[in-house]
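S.K.: One structure follows; several queries about it will come next.
The values are calculated or read from the model by the stated rules, or taken from the named source; none is laboratory data. These figures come from a predicted structure and were not determined experimentally. We place every Cβ from the backbone using ideal geometry, glycine too, and count neighbours over all the protein chains shown. Each accessible area value is taken on the protein alone, full model and side chains, heavy atoms only, with ligands, DNA and RNA left out. Shrake-Rupley method; radii C 1.70, N 1.55, O 1.52, S 1.80 Å.
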Amino acid sequence: MFAAASETEGHRHLNFRFRFVSGAMATTSGPRYLWTLGRWRRGLGVASPSRALAALVPGVSQVDNKSDFLGKRPHRRHPGIMQLPRLRLPQALTDTAQLLLLECSMPNVEKQVQALTNYLWSRHLPIEPEELQRRAVHLEKKFLENTDLSQTEEKLRKAVLHAMRKTTYHWQELSYNEGLSLVYMAARLDGGFAAVSRAFHEIQTRIPEFQPQTLMDFGSGTGSVTWAAHSIWGQSLREYMCVDSSPAMLDLAEKLLKGGSESGEPYVPGVFFRQFLPVSPKVQFSVVVSAFSLSELPSKADRTEVVQTLWRKTSDFLGKEKSPLDPRPGFVFAPCPHELPCPQLTASKPLACSFSQAYHPIPFSWNKQPKEEKFSMVILARGSLEEANRWPRITQPVLKRPRHVHCHLCCPDGHMQHAVITARRHGRDLYRCARVSSWGDLLPVTTPSEPPPSSAEDPPES
């Protein structure tokens, strides 16, 4: 299961704040995935090493020398590389989006796009009822301490409500009609596609044998998940289920697939649209995605319920009887290399775990320069935790300096570490791998079970 969320919105898109909730695998012997921007990976086989990969990273980790992880590939293509080159939308999608916006003759499109973008950027999650109650009680006590005790209960209530309105974020559900759907398409189609593509790419890279057959996209919007999935798994996917509460969004997504018409042949076959989730517990999908949608639900309880429902819709292995009560455990496939609390959120200054993907925007008149989509994602998988690759994740841009590299790592032990990597101390293979790695990549090292001895000598420079 996969969930994602964009940093440009609290709205409908890689859930890729891209939250992927999870995804599922379609192989007969592999796991499935849920994204909320979300599923499993087989271990790298053990092969005879062809390079010296046993140098210690003092205080951090050692090179993963359980397999010949580089083989004959250059360091710039080591298996921890997850970042994609700058992406472009499929040409058919770009052409149709431009055509639809041209045909609508909407006035001041650029201003409307910018206004919606700014609004999505500033949008927050709704405040929970418990928190509202806590604030109201606090204000009531404050007023009682500083005002005439003779004031009536009605006046006190009105004073509290007035203060709450001035100091509390007022969340409103977004309702997409035909016009607003087109503006949303112009503002978010390309960035959403980039974030989801990056999340799908990680599954494909780490589990190349994974060939999903069915996909469900909750909160499908303009259909960017369908296009991204087709670009990566088009040969195996035979059914795409797009679920969105807005009929206008569903109509727009269908037009984008059909070249702008309502009766043309769809560019991606096997796509179905509906306003509600399938009711039957037996209906499951290889990959389930919720991209930029969970934050549009009105409460934490609603979000929790939807995630649980989506997880039940995530299948594990094709060819086996589907069970509504799947006993197989789930684990975090990405981005976390562990099952522990997020060290960035539990720090004294919490920092969201986020990533970035470069892309070329749809070439509207105001939209010419290359862009970066920042997003957060979670990919959940069914299967065994031991099957997952647990290399540390690079959580910030890599700082490259003369003869050394700074990498901020989220490690399998659940802690953040700042590694300063040099060729002399850590060996040329690890140094070169670190130097070509980027924010969001995996660094091919394993955390030692014990701290390295203080007497360990640096490997000689070669």
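S.K.: Starting from the Cα of Ser384, step 7 Å along the direction of its Cβ; do the same at Met416; then give the gap between the two resulting points in nm.
M.R.: That separation, rounded to one decimal, is 3.4 nm.
S.K.: A further question follows. In what sequence, largest accessible area first, do Lys155, Lys258 appear using a 1.4 Å probe?
M.R.: Correct descending sequence by accessible area is Lys155, Lys258.
S.K.: How big is the gap, in Å, between the Cα center of segment 218-275 and the Cα center of segment 350-405?
M.R.: The distance from the Cα centre of segment 218-275 to that of segment 350-405 comes to 25 Å.
S.K.: Based on the mean of other beta carbon atoms within 10 Å per residue, what is the order of 281-288, 335-342, most packed first?
M.R.: 281-288, 335-342
S.K.: Another question, if that's okay. How many angstrom lie between the C-alpha centres of segment 187-206 and segment 117-139?
M.R.: Between the Cα centres of segment 187-206 and segment 117-139 lies a distance of 30 Å.
S.K.: Let me ask another. So between Ile127 and Arg86, what do we pick up on full extension, going 0.36 nm a residue minus the alpha carbon distance?
M.R.: Full extension from Ile127 to Arg86 adds 11.1 nm.
S.K.: Around Leu182, under 12 Å between beta carbons, what's the net of Lys plus Arg minus Asp minus Glu among the other residues?
M.R.: Local net charge: -1.
S.K.: On to the next question. Ranked from highest to lowest mean number of other Cβ atoms within 10 Å per residue, what is the order of the peptides 217-223, 430-436, 363-369?
M.R.: Packing proxy ranking, top to bottom: 217-223, 430-436, 363-369.
S.K.: With every protein chain left in place, what is the accessible area per residue of segment 128-167 in square angstrom, probe 1.4 Å?
M.R.: Heavy-atom accessible area per residue stands at 87 Å².
S.K.: Run the 1.4 Å probe and let me know the accessible area of Val398, rounded to the nearest 10 Å².
M.R.: 30
S.K.: State, to one decimal in nm, how far the label point of Asn146 lies from the label point of Ser263, with both points 7 Å from Cα in the Cβ direction.
M.R.: In this crude label model, Asn146 to Ser263 measures out at 6.8 nm.
S.K.: Where does segment 128-167 land on the Kirkwood hydrodynamic radius, alpha-carbon pairs, in angstrom?
M.R.: 10.4
S.K.: Turning to a different aspect of this structure: Going Cα to Cα from Lys371, which lysines come in below 21 Å? Please leave out same-chain ones fewer than 8 positions away.
M.R.: Within the straight-line cut-off, Lys371 pairs with Lys111.
S.K.: Take the Cβ-Cβ distance between Ser365 and Gln172 as r, set R0 to 30 Å, and report the resulting FRET efficiency rounded to the nearest 0.05.
M.R.: 0.45
S.K.: With label points built 7 Å along Cα→Cβ from the Cα atoms of Lys282 and Leu345, find their separation and express it in nm.
M.R.: Between Lys282 and Leu345, the label points sit 3.6 nm apart.
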